[in-house]
1. So for the stretch 88-104 (the condition being under 23 Å from residue 164 (Cβ atoms), among the aromatic types (Phe, Trp, Tyr) and in contact (Cβ under 8 Å) with a residue 40 or more places away in the chain), does at least one residue qualify?
2. Exactly one of (1) open to solvent by 70 Å² or more (accessible area, probe 1.4 Å); (2) without any contact (Cβ under 8 Å) to a residue 40 or more places away in the chain is unmet by residue 108. Its number?
3. Out of the residues in the stretch 111-124 that are open to solvent by 70 Å² or more (accessible area, probe 1.4 Å) and at pLDDT below 95, which is nearest to residue 161 (Cα to Cα)?
4. Are any of the residues in the stretch 77-84 open to solvent by less than 10 Å² (accessible area, probe 1.4 Å) and not in a strand (DSSP E or B)?
5. Hey, among 127, 103, 139, which residue is open to solvent by 60 Å² or more (accessible area, probe 1.4 Å), of a type in the set (Val, Ile, Thr) and at pLDDT 95 or above?
Amino acid sequence: MRWTYEVPSGTATRRNRFRIRSLSALLLCALAACSDPGEQKNTGPSPSPTTAVAGPRGLVGAWESALPGSNTTLAYRFTQEGTYKYVGLLSYPTGADGTYELTRIDQGRYEASADMLTLKPDSSTVTRKNPENPEQDYTDRPAPVETQHYRWTVADRKLSLVRRDGTQFVFAWVSP
């Protein structure tokens, strides 16, 4: 994921950190919406192994990364059918004016082998809300879609994704 955002000067101080827990709940609700059991019913013939890659059992489910004191929350939901949804949220108070929020949502297909994960987004959007500069806000602006590659492992209900450049992301398992 490549994030580009502008931080208004003077607003990104420690005292401006936001209550990330309530925003985490918002992200989980968004992820839950993409996993409606009615959407996952397959009434047709099973796809052949060459046309679809079923998700590995250890990867399927909802995962969240939100460090205490951080102003960023990242979350994934991987389905058994080989689809995923990603939500990333940057949020912090801007003083008495409200909360700056930058949200990115990607969804698409994934392929997973024993240790490699490839994310192939079909769509990506970004929403920006800045109470100090609302005339430049936007909702669901299309963002570039780029295939991403990670080494992945799951151990002790933790998902580790490592990019080719060595950057590591760790997610806690949230739900099936």
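1. no
2. (1)
3. Residues of the stretch 111-124 open to solvent by 70 Å² or more (accessible area, probe 1.4 Å): 111, 114-115, 122.
From the residues that got through so far, the ones that are at pLDDT below 95 too are 114-115.
Values: 114: 13, 115: 10 Å.
In this case the residue turns out to be 115.
4. Yes: the stretch 77-84 contains one or more residues that are open to solvent by less than 10 Å² (accessible area, probe 1.4 Å) and not in a strand (DSSP E or B).
5. 139
The values are calculated or read from the model by the stated rules, or taken from the named source; none is laboratory data. No experiment lies behind these values; they were computed from the predicted model shown. In this analysis, Cβ positions are derived from the backbone assuming ideal geometry, glycine residues included, and neighbour counts consider all displayed protein chains. Surface areas here come from the heavy atoms of the whole protein model, side chains and all, with no ligands, DNA or RNA. Shrake-Rupley method; radii C 1.70, N 1.55, O 1.52, S 1.80 Å.
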